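Report on one structure; see the data block that follows.
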Amino acid sequence: MKKITVPVLNMLLAAGVILIIIGLLLVSRFYGSFVADFPVGSISLMIFGAVIFYIAMTLVHWALFFYLGLLVFFLGLCMTFIFTNVLPFGPEHLWPITVLLSGLCLILTCVFKHRKVRGVYFFPALLIEFLGVFFLLFSMKVIKISFSAFMAKWGPLFLIFAGAALVVVFFWQRNFNDFFPYDKDELSDLTDEENFTGTNRL
């Protein structure tokens, strides 16, 4: 089978992204209801995120562009679905949803960059996801106390525990615990590369 050239692959990616956007817009059209004006802003945000994602995949290959593209795309998508009543949320729920999307995009960026999930990315993303769910409980009035009152009373202690958890993950990762066997492989790969470089220098 003849190998597909890079320009053709880029065209396939662009066509796939365009079809996904059209399909999502049709979902908001047929399964939602417009209580106000057409959400041009959120749709533009979604398209802008898709463009950044395409650039990251085809031109610059930067993990930061990949992360921002996914985050902006998903944020625009959620805003579109919220404004068209596809999702049972309101604008006040957008900020915790953004936190949740940040954790998800961090994991996807790790897979894009390293072709696997690494603990150094996974545990911060897990912490971000926990914070997003926690903040969402305030927005949905499941927790009756206001968020500002909660942070004034428990915020410093909460930050201390969150920072301590990240420090523990760091030292746990450095000790190459059995829960992270892939880190040993990465270290051996790095050592082999350094030895190879050193051999060439000699």
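Derivation of every value follows stated rules applied to the coordinates shown; laboratory data play no part. Predicted, not measured: the structure shown is a model, and the values here were computed from it. For neighbour counting, all protein chains shown are included, and Cβ atoms are generated from backbone atoms with ideal geometry for every residue, glycine included.
Dividing the convex hull volume of the alpha carbon atoms of the stretch 1-152 by its residue count gives 143 Å³ per residue. Which of the lysines could a cross-linker span from LYS3 if the Cα-Cα distance has to be under 29 Å and same-chain partners fewer than 8 positions apart are dropped? In chain and number order, the partners are LYS113, LYS116.
Segment ALA162..VAL6, full-extension length gain: 51.8 nm, with 0.36 nm per residue of separation and the alpha-carbon distance subtracted.
Applying 1/(1 + (r/R0)^6) with r as the Cβ-Cβ distance of PHE112 and LYS141 and R0 = 35 angstrom yields a FRET efficiency of 0.45.
Computing FRET efficiency as 1/(1 + (r/R0)^6) for ILE55 and LEU126, where r is the C-beta to C-beta distance and R0 is 35 Å, gives about 0.75. Measure off 7 Å from each Cα along the Cα-to-Cβ vector at SER148 and SER33, then give the distance between these two points in nanometres to one decimal. My value for the distance between the label points is 3.4 nm.
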